[in-house]
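Structure first, commentary second.
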Amino acid sequence: MKQKDTVTFDDFQKVDIRIGTIIKVEDFQKARKPAYQLKIDFGEIGIKRSSAQITTLYSKKELLKKQVIAIINFKPKQIGNFMSECLILGVQNGEDVVLLQTQETAKNGNKVS
């Protein structure tokens, strides 16, 4: 896999990456591929929604109260009948996505730097 173009530190600082806790998980019935609809608490920033195709590695019960890392300043994206407001970060591992996580619990809304 080829490395992408170089970005500046200023480019990186434009991306708002935060820690949040999943507070609600539902099956995304109208998704083309199996997915969940998530509500994530980002502390003072508020609650944001996201769609995630992570059903093969994570059950709804496992995800509830799990902290995740997400980009919160993307333009909202309509996915079927659902508006996704943030992008949870993970690593593509074959067909699956492994979520990025902190080693220790962090305060919801903390910025990744």
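For Leu89 and Leu57, a Förster radius of 22 Å and the Cβ-Cβ distance give a FRET efficiency of 0.95, rounded to the nearest 0.05. Here the label points at Val15 and Arg49, each 7 Å from Cα along the C-beta direction, are separated by 2.5 nm in the simple model.
In this model, which of Lys77/Lys111; Lys14/Lys60; Lys30/Lys111; Lys2/Lys33 are farther than 29 Å apart at the alpha-carbon?
Numbers: Lys77/Lys111 22 Å; Lys14/Lys60 32 Å; Lys30/Lys111 32 Å; Lys2/Lys33 27 Å.
Table pairs above 29 Å Cα-Cα are Lys14/Lys60; Lys30/Lys111.
As a proxy for reagent exposure, ranking Thr21, Thr56, Thr6 by other Cβ atoms within 10 Å from fewest up yields Thr6, Thr56, Thr21. Applied to region 85-91, the Karplus parametrisation 6.51 cos²θ - 1.76 cosθ + 1.60 on θ = phi - 60° returns per-residue 3J(HN,Hα) values of 10, 8, 10, 6, 8, x, 10 Hz, with x for Gly and Pro. Per-residue ellipticity at 222 nm computed for the chain from its helices equals -1500 deg cm²/dmol, with DSSP H segments shorter than 4 residues left out and the rest contributing -39,500 (n - 2.57). Using a cutoff of 8 angstrom between alpha carbon atoms and counting only pairs six or more residues apart, the relative contact order for the chain works out to 30 percent. Computed 3J(HN,Hα) for region 42-53, one whole-Hz value per residue from the Karplus formula 6.51 cos²θ - 1.76 cosθ + 1.60 where θ = phi - 60°, is 9, x, 4, 6, x, 9, 10, 9, 8, 9, 9, 8, glycine and proline marked x. With a bin width of 5 angstrom, please list the P(r) values of the chain as percents of all Cα-Cα pairs, from the 0 bin to the one holding the largest distance. Calculated over all Cα pairs of the chain, the distribution is 2, 11, 21, 23, 21, 12, 7, 2 percent.
Taken one residue at a time, the phi angles of region 105-113 give Karplus couplings (6.51, -1.76, 1.60, θ = phi - 60°) of 5, 10, 5, 4, x, 4, 8, 7, 9 Hz. Gly and Pro are set to x.
One chain, two ends: Asn81 and Gln3. Fully extended at 0.36 nm per residue, the span grows by 24.6 nm beyond their Cα-Cα distance. Computed packing ranks the peptides 72-83, 27-38 as 27-38, 72-83, most packed first, by mean other Cβ atoms within 10 Å.
Values in this text are rule-based calculations from the coordinates and carry no lab data. Predicted model only: the values in this text are computed from it and were never measured. For neighbour counting, all protein chains shown are included, and Cβ atoms are generated from backbone atoms with ideal geometry for every residue, glycine included.
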